């Protein structure tokens, strides 16, 4: 039988000591202003949620705080839950120890050990982790939702998944992470995980899962796995699901997998556009209306870079600025994906270039810049009325000067909140600060959190910008 460990490399004779050492190291690192340590606090400590890393590093944290972060990183609610769990591992023949050994075999690709463990326990393939997330071994195969250090894809991941499927693993078993329910299954986890994709094994793993003969349409038979694959920008996974038998019964899913024939069959000419929603749900879980389905189809077509499908939808009157997930538009997705032909098509169709999505508050040109799509950035700068804040963030001094000279009312931003000046302050761009101030920008304007341009300069440690803005007081 495989030797049991706590899953993080510590031998079973002293796992708690290993976790304590990790907590001590984390506390030391955050005390030494380590940004990676600060990010762990932001991610796992409830009192650090929403704080900037610099703000985390300015606070004094205790050993209890570090232990809480370590425990939550291991997917436990608190340190006490972690220690109770480790005590249960003291018996190497316990269900907890056996499951952990199998989980280690899954993520390390130890096929022989996994095969032996499955032979010893016929229920193991459907068993649940003793950790609070209650994941199955197939969840570990999907490399999603479980402990961060176990989100690994060994070279023989397909063979491992095949073993689990043959032993009766449930593709649609829900777990207690990501809100639980339909979105927490191994199948959804697989098609939304970056790790199998980066390993080049996403499609092969989907096919291995499909060999179970179980439904690929989700726990509610609503196509959620395919929908989520598209939302997470894995259209190749969505196509593989379709090839393996998942239903494609609405225009949106058809658009995301490149089925122009189905899109044209379902999206009929006329205004407003109509289509059979086919059970498609909105991003908040409510049913989509017939009118909305073609809008989602345009959004999914943009994710997949399907220019001809987008052209067909636009020709039938679909709104080129319709919003999708987190308020993003098709133009956001086309820009992020670097699909220049599709970007051009959407802009020429009248898509708004200044809409900001809700997750990061960025416009399409901001997404293109962040994704390194310089050809898209260049096209939008030349052919669209890019938002002044974007011009500032891109460091386009000449374009900013021309804009504020020609349209002085825009100097404080489209909403008059002073966003351009705060952006220049955060970047520490003295030349742009002077251009905006000379054009009449108001340094006293604040954002929703009450932060001025001076505050933003201080937040980012822009000493010269701080001095310039302080001189105006």
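No value in this document is a laboratory result; all are computed from the given coordinates. These numbers come from a predicted model, not from an experiment. Reconstructed Cβ throughout: ideal geometry from the backbone, glycine too, with neighbour counts over all protein chains shown.
Full extension of the chain between residue 198 and residue 260 yields a length gain of 19.5 nm, computed as 0.36 nm times the residue separation minus the alpha carbon distance. Using a simple spin-label model with pseudo-atoms 7 Å out from Cα toward Cβ, residue 447 and residue 321 lie 2.4 nm apart.
Annotation: the residues 54, 316, 49, sorted from fewest to most other C-beta atoms within 10 Å of their own C-beta, follow the order 49, 54, 316.
Taking only the C-alpha atoms of the stretch 169-259, Rg followed by Dmax gives 11.8, 35 Å. Normalised by 2.2 N^0.38 Å, where N is the number of residues, the C-alpha radius of gyration of the stretch 429-473 stands at 1.07.
Extents of the stretch 15-88, taken as max minus min of Cα coordinates on every principal axis and listed largest first, are 39, 21, 16 Å. Ranked by the mean number of other Cβ atoms within 10 Å of their residues, highest first, the peptides 107-113, 127-133, 67-73, 225-231 fall in the order 225-231, 67-73, 127-133, 107-113.
Over all directions, the average projected area of the alpha-carbon convex hull for the stretch 387-473 comes to how many nm²? Numbers along the way, then the final one.
Values: hull surface 19.1 nm².
Result: 4.8 nm².
Among 307, 397, 363, sorting on how many other beta-carbon atoms sit within 10 Å of each Cβ, with the fewest leading, yields 397, 307, 363.
Taking the Cβ-Cβ separation of residue 399 and residue 166 as r and a Förster radius of 60 Å, what is the calculated FRET efficiency to the nearest 0.05? It would help to have the intermediate numbers written out before the result.
Numbers: r = 61 Å, r/R0 = 1.01.
Here the calculated transfer efficiency is 0.50.
With a simple spin-label model that places each label point 7 Å from the Cα along the Cα-to-Cβ direction, the separation between residue 344 and residue 93 comes to 7.2 nm.
Averaging the sequence gap over all C-alpha pairs within less than 8 Å and six or more residues apart, then dividing by the number of residues, gives the chain a relative contact order of 6 percent.
Measuring between their Cα centroids, the stretch 91-170 and the stretch 64-79 lie 23 Å from each other.
Which log10 I(q)/I(0) values does the stretch 294-392 give at q = 0.11, 0.13 Å⁻¹ under the Debye formula, counting every alpha carbon as one identical point scatterer? The computed values of log10 I(q)/I(0) come out as -0.25, -0.35. The fewest-to-most ranking of 82, 124 by surrounding Cβ atoms within 10 Å reads 124, 82.
In this calculation the C-beta distance from residue 381 to residue 473 is compared with R0 = 45 Å, giving a FRET efficiency of 0.85. Convex hull volume of the Cα atoms of the stretch 95-213, normalised per residue: 85 Å³.
Site pair residue 54 and residue 115 shows an inter-label distance of 5.7 nm when each label is modelled 7 Å from Cα along Cα→Cβ. The Kirkwood radius of the stretch 306-454, taken over pairs of alpha-carbon atoms, gives through the Stokes-Einstein law at 37 °C and 0.692 mPa s a diffusion coefficient of 206 µm² s⁻¹. Its alpha carbons give the chain an Rg and a Dmax of 25.8, 77 Å.
Taking the longest Cα principal axis of the chain as reference, the axis of helix 15-31 is set at about 20 degrees. Would you please state the base-10 log of I(q)/I(0) at q = 0.10, 0.18, 0.20 1/Å for the stretch 1-160, with intensities from the Debye formula using one equal scatterer on every alpha carbon? Per q value, in the given order, log10 I(q)/I(0) is -0.40, -1.06, -1.21.
Set the Förster distance to 51 Å, then compute FRET efficiency between residue 29 and residue 211 from the Cβ-Cβ distance, nearest 0.05.
0.70
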